[in-house]
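This report concerns only the one structure given below.
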């Protein structure tokens, strides 16, 4: 568990340096406490009894206050100043540099936001979430609008205090995807919008349809759970450093990665993919955190490089692999073993096509791979306009509906199916783009994998996707948050993030799924 | 959740007093953090993956250090000094006084034990536990003896630093049963030894035997779990403020009583009482903590008055109620509903007699109600002799075996069945007597209940034991740790702890179970 000095080139910290050791010691404590905070949140979503919410809130607030004290400790600031001034003379490892970067970032953020602002954010976020619930229940955007306005005002203040070079939105985005700006996102997203619209049009023009009824049926929860555990074993998710629990919404969390990385899922007895695809998605996140080098444990580097990179791992496993014919060639026996009466009469190809039905819909979380990113682009454009100052909160539903009509060709009948469907804006802005970034990174990684393994499909079909995990581990996972996302993608794939790979992926995959005439 | 001032006579704190409010605020933080520590421990015993032990140890150590800082904060000491000097002039509620007592106690203990001693205790306890595991595996007491010797030395130092009036052992005992001394325990235990020996002799002389084979069979775990949940509902255990999980050893823990109080149990598919009786035992603990007044939440009074009082609640529900004919008259339908093939042919009386077989055994945790306390008395006598200086560690196995021969008429063949059977001495001394104190308190409470409810058995047999819980709540549970155990027992039963009630209970119960000729 001790983080030891390493040879040049290996992953690890230069513990022979006294200041770095002191920094590590300080950060270890923060990470230990943050892990316990994450445990409290995991428990809240899984096993905590309903009536314990208020007392848990007090516990979390107390712990959060202590973490904040550690994060803003002037001794931490002094250590960072000293180390940064030495960084040019001394030989620091990549991990040392990554650690300094991450520690500086969290120290600056914690010290730049005054306590009153942080408390106000907590209060408004909580009240705004309640207002969103209420507005959704009553299908009345006006009940949510004043809270959304306060959130806009507060998030602008946060951005101003944290600082940015181009636009305010960049400061918020940078929280989730360090190094990225709104203008870079625009460049990345423009071709995504184009290919999504094109592919949707081609599919609709083809009038080809897919029968997905084989995904419906009667699937007992205990059997589904067994199947999920089997799929996790196939993926080499390590149960001695993890676990699978139930929650209302599936998620992955770590309490000291790579040693304790847990997943949750949910079950729908009528619809099998609800659990299985969620488990493959969450396992993508989980494998990432389980694959972080143990040398990084108890430091801020023992996490994903960014939310976008994290999402690339979940999407790669859920979509590129988990919705592929090749993967299920190797695993269809598990479906038939657990649900023989149901799947013995369903050809494999019927099943994998059913997993890939394309259908424009109003609800993001139900969207397919072709239309999903259009949902995200709409949110990105709107929240950017809210934060950077061009869009009034009152115009949001109208703008939302107009964009759905324009991008997806359908329009919500009401705001529950529209602007009120996501809870995210009750908490702030800058998070949504990471979903589509994840898809772009995943496509680029997938393309590199297929380059490195020309027999990719055959290997997958043989039943053991271990070669994929092994590649991901060596090229991405082990580094944790050592590198910024762009650098990590460049190191792993030989190229900076490039949306062309996503366009290739989408075109090739759905031309085949929908048997499209070549464009 | 705010602890508000109350009318005289009600349970609550005088929050109008600024110093008391400051004390409460300080203690709230400590309780919040202690609750998260308890959550981390619960998780470790239930859902934590095997490979996370080391990283969890770091997390717990960090949090423990922060709790220790709060406990030894000189501002806390100054507040306590001020409040104690005012206590005679001001009108303080019982809860105020209880709070001062508990806070003073933990402050003194934390400040009187130097950090090096606490760390040494942690190290030796951990190493001693490993040595015990190893010694037990190899049936070699000599491997454990040096660690036991170090524990004796350290525990003596702890006692000397904490302070005591009669003997060192008192200081250790007082940790678990405040206000009690070894000499008082001796007075309480002497009649217990006498009645236990007498009843055992009478049963053996009668040559009556009980057939307990109906407890063996094939009991599927999911059915057992359902039965346990049904029994919990019968007992009015509140699942909206609790939960039942699996662990290797059953236990109860709270993270902010009375709002989050959780139980665990274990299952043996061949032996039904393993789960059911453990659940009734743990629910006894759980009902106690769920019954604490919400006005005491987030303070050290939101816990049991002592381990002995806590154990009285678990033993009352497990033994006096859970092994009674009357209780199962009301609930036997649940057994038959879940295991019809098994229990439809077992008469109720056969089942409840089987739950009460008396058989001297070498292993404490398998002991019946008649012989159980003899195991405890042996341990009490031996650990008292170790701490107060008369007994050498090397002589322990010999002394152990001699006492088993004398008290129970049987003798271990080896130390695994003897002195190495319990892990407790790897952690220290003073804990064991609380088990028997629990039995004594339980008998006294049980007798008072039967006095207050002359139709006790009929009520129980009708299927709803709510009247018992209601009485316990009003007379014991709601006060939490406001009163010392002796005062609490006196308030609830009208009399100081008196072992005669246990003697009455044992005599009456086992004369009937074993159909004994009157003595």
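The values are calculated or read from the model by the stated rules, or taken from the named source; none is laboratory data. It should be emphasised that the depicted structure is a prediction, and the values quoted were computed from it without experimental measurement. Quick reminder, even Gly has a Cβ in these numbers, built from the backbone with ideal geometry, and neighbours come from all protein chains shown.
Side notes on the structure shown:
- Residues that are within 13 Å of chain B (Cβ to nearest Cβ), surrounded by fewer than 21 Cβ atoms within 10 Å (Cβ to Cβ) and within 12 Å of residue A:276 (Cβ to Cβ) do occur in the stretch A:224-232.
- Scanning the stretch B:478-490 finds no residues that are farther than 30 Å from residue B:96 by Cβ, in contact (Cβ under 8 Å) with a residue 40 or more places away in the chain, surrounded by 20 or more Cβ atoms within 10 Å (Cβ to Cβ) and over 17 Å from the mean Cα position of the chain (by Cα).
- Positions within the stretch B:499-519 being part of a loop (DSSP other than H, G, I, E, B) and crowded, with 19+ Cβ neighbours inside 10 Å, in sequence order: B:499, B:514
- Output for the stretch A:35-50, where each listed residue is crowded, with 17+ Cβ neighbours inside 10 Å and over 25 Å from the mean Cα position of the chain (by Cα): A:49
- Taking (1) outside any helix (DSSP H, G or I); (2) at negative phi in turn, residue B:463 satisfies each apart from (2).
- All positions within the stretch B:316-329 that are in a helix (DSSP H, G or I) and buried (at least 18 other Cβ atoms within 10 Å of the Cβ): B:316, B:317, B:318, B:319, B:320, B:321, B:325, B:327, B:328, B:329
- Restricting the stretch A:86-100 to residues that are over 30 Å from residue B:36 (Cα atoms) and assigned to a helix (DSSP H, G or I), the residue that is nearest to the other protein chains (Cβ to nearest Cβ) is A:95.
- From the list A:83, A:63, A:172, A:148, the lone residue that is away from every other protein chain (no Cβ under 14 Å), crowded, with 19+ Cβ neighbours inside 10 Å and under 24 Å from residue A:27 (Cβ atoms) is A:83.
- For the stretch B:123-146, a residue qualifies if it is farther than 16 Å from residue B:415 by Cβ and in contact (Cβ under 8 Å) with a residue 40 or more places away in the chain, and the qualifying residues are B:125, B:129.
- Here residue A:460 meets the list (1) under 30 Å from residue A:382 (Cβ atoms); (2) surrounded by 22 or more Cβ atoms within 10 Å (Cβ to Cβ) almost entirely, failing just condition (1).
- Test set (1) surrounded by fewer than 16 Cβ atoms within 10 Å (Cβ to Cβ); (2) modelled with pLDDT of 95 or more; (3) in contact with a helix residue (DSSP H, G or I) (Cβ under 6 Å, 6 or more places away or on another chain) - residue B:74 fails condition number: (3)
- Output for the stretch A:254-289, where each listed residue is within 14 Å of chain B (Cβ to nearest Cβ) and either crowded, with 23+ Cβ neighbours inside 10 Å or at pLDDT below 95 (or both): A:254, A:255, A:256, A:257, A:258, A:259, A:260, A:261, A:262, A:263, A:286, A:289
- Among residues of the stretch A:233-249, those that are within 16 Å of residue A:288 (Cβ to Cβ) and more than 13 Å from chain B (Cβ to nearest Cβ), counted: 2
- Search result, residues across the stretch B:6-52 that are part of a loop (DSSP other than H, G, I, E, B), away from chain A (no Cβ under 11 Å) and more than 25 Å from residue A:65 (Cβ to Cβ): B:6, B:7, B:8, B:9, B:10, B:11, B:12, B:14, B:16
- Taken over the stretch A:199-241, residues that are without any contact (Cβ under 8 Å) to a residue 40 or more places away in the chain and over 16 Å from residue A:287 (Cβ atoms) amount to 6.
- Filter pass, residue A:296 being touching a strand residue (DSSP E or B) at 6+ places or on another chain (Cβ under 8 Å) and either modelled with pLDDT of 95 or more or more than 14 Å from chain B (Cβ to nearest Cβ) (or both): no
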